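Colleague: Dumping the structure here so I can ask a few things about it.
The values are calculated or read from the model by the stated rules, or taken from the named source; none is laboratory data. Computed from a predicted model, the values in this text were never measured in an experiment. In this analysis, Cβ positions are derived from the backbone assuming ideal geometry, glycine residues included, and neighbour counts consider all displayed protein chains. The area values use the complete protein model at the heavy-atom level, side chains included, leaving out ligands, DNA and RNA. Shrake-Rupley method; radii C 1.70, N 1.55, O 1.52, S 1.80 Å.
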Amino acid sequence: MAPQPFLWTDALPAAVIEVEGLTKVYGGSRGVKALDNVTFQVPPKSVFGFLGPNGAGKTTTIRILGTVLEPTAGTIRIDGRDLRKESLKVKERLGLMPDEVLYYPTLTGLQHLVYYASFYGIRRSEARKRGRDLLEQVGLADALDKKVKAYSHGMRKRLSLAQCLLNDPDVMIMDEPASGLDPQGMRYYRDHIRWLAQQGKTIFLSSHMLYEVEQLCERVGIIDRGKIVAVDTIANLSARLSAGAPVVLHVTATGITEAALQAVAAIHGVTGVQPTPMGVDVTTQPGSDASAEVSRALVFAGAQLRALTTDQRSLEDLFLTLTKGGDA
Amino acid sequence: MKLPGFLRGMPQVAWQEFLVNLKSVRLIIMGLLSALLIVGGAYGFTTLFSSGGGFGGLPPVVAWGHQAYASNGSHVAVVWVSDPYGAPVAGRSVEFTNRSPTGGEVALGTIPTDANGFARLDVGNSDYVSATVRAGTFTVGTGVVFYPPFVNFTTASLQGDFKRHGRSDGLALHVMDLRGNPAAANVSVNGTLTGSVNGYGYLLVDLPVEQSNVTVEVAGEAETFPTYVPGDSNGAPFTSGPDFVLVVIASLSFLVISIFAIVLSFDAVSKERVQGTMDLLLSRPTSRTGILLGKFLGAFGAVALPVTLVNLAGVGVITAVSGKGPTGSFAAAFVGVSLLLIAFYVLMQLIFSTFAKTSGTAVLFGVLVWLLFNILYTIVVAVVAGAVFYYDAAGYFRFTQVAGLGNPTSICSMLVSLAAPASLQGISGTSLEPAIPGAAAVVWFVGLLALALWTFHRKAGE
């Protein structure tokens, strides 16, 4: 099998989530293969971003990790425990925040939390206290005795976060936590997830919002058509994507003369010079760093240099390249 | 106490399911409907069937026929129309028809009853006339036979349960003289004067249980005829009494109970899926077996509680109205087997609800299950029996005897009828040995439970 440049193949030391060969086929052996030999690892106390186009297998992966779905094949270990063999013990320390939950319409927010707390053997009085604290923490203190059918989308999302935190989990599986929220809501979630990571939680985060993932996650996994196409840190993936591609320097300057352009074109490694309204774009050979020579040549030729930047490969570039332009 | 791993989550899910159902509008509606049908039915059927004579409800109107003679010797047919308690019914058309063999069946005329309820027609020399009168949807008739009178009056009578207390010990008498007018008659029962007829010639007297002699006396002439009031031991048990009412109520109750169980549990699993709460349940420290059993126990309890209360109330009403309760073991079997029926239907709904992806599909499955086991099954059995055993009458008979074992509702009916008093078993019973429906019930229950668990394990998260 040809080496896959975007897959981190070495085992991470002390990974909290270890997924190996995960396969899920819906509808029997002749059914639809939603996941095909998915393998990745999530290091402890970090936020792991999980990306993929619609229908790529993100939610199936999330639901298997959350013990909602049974995999067809493969192994999952969470905190060293096999998810199939020790599912009850794993679930004691797991928190799941699904994408869209309508909840029991006639129960209040607090009643939901008391009900879910009962599964962890938490006493009723303690559950009520913990429920109140959590609802206050997620900004639902005023709505804890309101029936959930009166909750807005954003309030239900907050309730989802509260129920996910009920058992003070070590590992949190979150599916689109900020989808459908207004900018304040999204900001709230971003800050809260960052805070949870600082508290030592390991967070598996699936999101359509690439900016959000870029802000929160050091490591990401990208899935496409049921197969993992990339797993690594965003920086490494970006670097590997850039490898082999020409580097473009964007120069912002005034007073660029024809002589200055010729001086730049003569620099070793420069393959193209293109004047722009702001200054000039200089293309160099892959892997070369000619920014110092370019700035020196321009200054010597009498130009007033304001800025010089190189193209950064964004997570969006990465995503679009690896998923053949699929929607996130 | 910590439950074994495979039952984790069961008590919590059961209690939640029970509470949510108990507070639901659908439970209130079905509870009221059940109470109306079962308790109301118990009252109505007890009143209807509890008379010693069986289906002995009194007719809404009575046509009292008498022979009379005009001064020229011509035959006059006289009909008095009243309700059973002696209130005359005016303005009703009485159709007189000749039934005498010599004249043939010929319409003689239609006479409306007068203000006092009487209709009279000179029928010439006809010996036998019938008279019919229509009241609402009801048509009553009487015959008037002209025979040489022994006394100077004629008497028509109606015996029934006039006090609506379960015994036909009332005798309504109507006495006319031979000119066709109400007679001044005194009436004695077993030699004791009990009263005189009123201005219409009507009197209602009480009769003692067993045989009596009733004597009507008009102007010194008397006529005596025997009457008989059955005692408790002489009633026809298969068409009367509290046990028979319970048979009728059990049939009605099983129809309602199956609907009740379906209405409360048809979306027990699918609604969790639609709400997204199934994912949250499965991700807790719960087992799938625990969740499914919790769902079953919660829904079962929520149906069983009101149904048992309503069933007990039904038995209580039968007891209160008829003065004595159904046979204890029969009543206990009715209440107990109702619980089994609830369990069957709840389990079936859990299976289909696990398959259903939407509430609409879940509703459809519920309707289909009810139709299948309450209407379609009988038709299918008849069609299969007719097709397979067309030339084999004995095979046809034996097949229909065991076909009920494939229907949980039929099994429950068999189990109840096995506990019924011997005199009733012919109505809804079975020729199978008691162990066979019992074993079939166990097989159904275990089979449904196993299928529900298997389905839930495979499909709950999908």
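Colleague: Can you spot a residue in region A:249-266 that is within 13 Å of A:Arg306 (Cα to Cα), in contact (Cβ under 8 Å) with a residue 24 or more places away in the chain and polar (S, T, N, Q)?
Modeller: Scanning region A:249-266, I find at least one residue that is within 13 Å of A:Arg306 (Cα to Cα), in contact (Cβ under 8 Å) with a residue 24 or more places away in the chain and polar (S, T, N, Q), so the answer is yes.
Colleague: To continue, here is another question. Looking only at region A:21-34, decide whether some residue is part of a loop (DSSP other than H, G, I, E, B), surrounded by fewer than 19 Cβ atoms within 10 Å (Cβ to Cβ) and either modelled with pLDDT of 95 or more or of a type in the set (Ser, Thr, Tyr) (or both). So that I can check it myself, show each step before the final result.
Modeller: Restricting attention to region A:21-34, the residues satisfying the condition of being part of a loop (DSSP other than H, G, I, E, B) are A:27-31.
After this cut, where a residue has to be surrounded by fewer than 19 Cβ atoms within 10 Å (Cβ to Cβ) as well, the list is A:27-31.
From what's left, either modelled with pLDDT of 95 or more or of a type in the set (Ser, Thr, Tyr) (or both): A:29.
Yes.
Colleague: Hey, among the residues in region B:251-290 that are facing another protein chain (nearest Cβ under 10 Å) and of a type in the set (A, V, I, L, M), which one's surrounded by the fewest Cβ atoms within 10 Å (Cβ to Cβ)? Working first, answer last.
Modeller: Just the residues of region B:251-290 that are facing another protein chain (nearest Cβ under 10 Å), to begin with: B:271-272, B:274-288, B:290.
So of that shortlist, the ones also of a type in the set (A, V, I, L, M) come out as B:274, B:278, B:280-282.
Details: B:Val274: 16, B:Met278: 22, B:Leu280: 24, B:Leu281: 24, B:Leu282: 23.
Step by step, filter region B:251-290, then rank; the result is B:Val274.
Colleague: Additional query: Out of the residues in region B:61-106 meeting the condition of being of a type in the set (D, E, K, R) and closer than 17 Å to B:Tyr128 by Cα, tell me which one is modelled with the lowest pLDDT.
Modeller: Of all residues in region B:61-106, those of a type in the set (D, E, K, R) come to B:83, B:92, B:95, B:99, B:105.
Still in the list and also closer than 17 Å to B:Tyr128 by Cα: B:95, B:99, B:105.
Details: B:Glu95: 95, B:Arg99: 91, B:Glu105: 88.
Top of the filtered list is B:Glu105.
Colleague: From B:Val248, B:Val216, grab the single residue that is surrounded by fewer than 22 Cβ atoms within 10 Å (Cβ to Cβ) and of a type in the set (A, V, I, L, M, F, W, C). Lay out the reasoning, then the answer.
Modeller: Numbers: B:Val216 fails: surrounded by fewer than 22 Cβ atoms within 10 Å (Cβ to Cβ).
Exactly one residue qualifies, and that residue is B:Val248.
Colleague: Next up: Quick one: how many residues across region B:196-213 are of a type outside the set (A, V, I, L, M, F, W, C), within 12 Å of B:Val175 (Cβ to Cβ), open to solvent by 20 Å² or more (accessible area, probe 1.4 Å) and assigned to a strand (DSSP E or B)? Write out each step before concluding.
Modeller: So in region B:196-213, the residues of a type outside the set (A, V, I, L, M, F, W, C) come out as B:196, B:198-202, B:206, B:208, B:210-213.
If we keep only those that are within 12 Å of B:Val175 (Cβ to Cβ) too, we end up with B:196, B:198-202.
With open to solvent by 20 Å² or more (accessible area, probe 1.4 Å) added as a condition, the list becomes B:196, B:198-200.
Those left that are additionally assigned to a strand (DSSP E or B): B:196.
Number satisfying all stated conditions: 1.
Colleague: Kindly indicate whether A:Lys149 is out of contact with any strand residue (DSSP E or B) (no Cβ under 9 Å at 6 or more places or on another chain), open to solvent by 40 Å² or more (accessible area, probe 1.4 Å), in contact (Cβ under 8 Å) with a residue 24 or more places away in the chain and over 30 Å from A:Phe48 (Cβ atoms).
Modeller: Numbers: out of contact with any strand residue (DSSP E or B) (no Cβ under 9 Å at 6 or more places or on another chain): yes; open to solvent by 40 Å² or more (accessible area, probe 1.4 Å): yes; in contact (Cβ under 8 Å) with a residue 24 or more places away in the chain: yes; over 30 Å from A:Phe48 (Cβ atoms): yes.
So A:Lys149 fits the description; yes.
Colleague: So B:Thr400 fits all but one of (1) outside any loop (DSSP other than H, G, I, E, B); (2) buried (at least 19 other Cβ atoms within 10 Å of the Cβ); (3) not aliphatic (A, V, I, L, M); what number is the exception?
Modeller: The failed condition is (2).
Colleague: What pairs come up if the first residue lies in region B:1-14 and is more than 9 Å from chain A (Cβ to nearest Cβ), the second is acidic (Asp, Glu) and open to solvent by less than 40 Å² (accessible area, probe 1.4 Å), and their beta carbons are under 7 Å apart, counting only those six or more places apart or on different chains?
Modeller: Nothing qualifies.
Colleague: When the residues of region B:404-418 are filtered to those that are of a type outside the set (A, V, I, L, M, F, W, C) and in a helix (DSSP H, G or I), which remaining residue is surrounded by the fewest Cβ atoms within 10 Å (Cβ to Cβ)?
Modeller: Within region B:404-418, the first condition is being of a type outside the set (A, V, I, L, M, F, W, C), and the residues that meet it are B:404, B:406-410, B:413, B:417.
Retained after the next criterion (residues that are in a helix (DSSP H, G or I)): B:404, B:406, B:408-410, B:413, B:417.
Values: B:Gly404: 21, B:Gly406: 14, B:Pro408: 26, B:Thr409: 21, B:Ser410: 21, B:Ser413: 22, B:Ser417: 21.
The selected residue is B:Gly406.
Colleague: Within region A:221-244, take every residue that is open to solvent by 30 Å² or more (accessible area, probe 1.4 Å) and among the hydrophobic types (A, V, I, L, M, F, W, C) and give me the one that is nearest to A:Asn54 (Cα to Cα).
Modeller: Step one: of region A:221-244, the residues open to solvent by 30 Å² or more (accessible area, probe 1.4 Å) are A:225, A:227, A:229, A:235-236, A:239-240, A:242-244.
The next check asks that each one be among the hydrophobic types (A, V, I, L, M, F, W, C); those that pass are A:229, A:235, A:239, A:243.
Working: A:Val229: 15, A:Ala235: 24, A:Ala239: 26, A:Ala243: 28 Å.
Per the criteria, the residue is A:Val229.
Colleague: With the condition being more than 10 Å from chain B (Cβ to nearest Cβ), I'd like the helices (runs of 4 or more DSSP H) fully within region A:41-140 carrying at least 1 qualifying residues.
Modeller: Numbers: elements: A:58-65, A:87-92, A:109-118, A:124-137.
Qualifying helices (runs of 4 or more DSSP H): A:58-65, A:109-118, A:124-137.
Colleague: Select from region B:22-60 the residues that are modelled with pLDDT of 90 or more and crowded, with 21+ Cβ neighbours inside 10 Å and write down the one among them that is nearest to the other protein chains (Cβ to nearest Cβ).
Modeller: Selected residue: B:Met30.
Colleague: For the list (1) open to solvent by less than 30 Å² (accessible area, probe 1.4 Å); (2) over 30 Å from A:Leu161 (Cβ atoms); (3) not in a helix (DSSP H, G or I), I need the number of the one condition that B:Phe225 fails.
Modeller: (1)
Colleague: Condition first: under 23 Å from B:Leu203 (Cα atoms) and part of a strand (DSSP E or B). Now tell me which residues in region B:77-93 satisfy that. Before the answer, list the steps.
Modeller: Filtering region B:77-93 down to residues under 23 Å from B:Leu203 (Cα atoms) leaves B:77-92.
Listed by number, the residues that qualify are B:Ala77, B:Val78, B:Val79, B:Trp80, B:Val81, B:Ser82, B:Pro88.
Colleague: What about A:Arg158, is it more than 17 Å from B:Arg284 (Cβ to Cβ) and either acidic (Asp, Glu) or surrounded by 19 or more Cβ atoms within 10 Å (Cβ to Cβ) (or both)? Give the steps one after another, and end with the answer.
Modeller: On the way: more than 17 Å from B:Arg284 (Cβ to Cβ): yes; either acidic (Asp, Glu) or surrounded by 19 or more Cβ atoms within 10 Å (Cβ to Cβ) (or both): yes.
It is true that A:Arg158 is more than 17 Å from B:Arg284 (Cβ to Cβ) and either acidic (Asp, Glu) or surrounded by 19 or more Cβ atoms within 10 Å (Cβ to Cβ) (or both).
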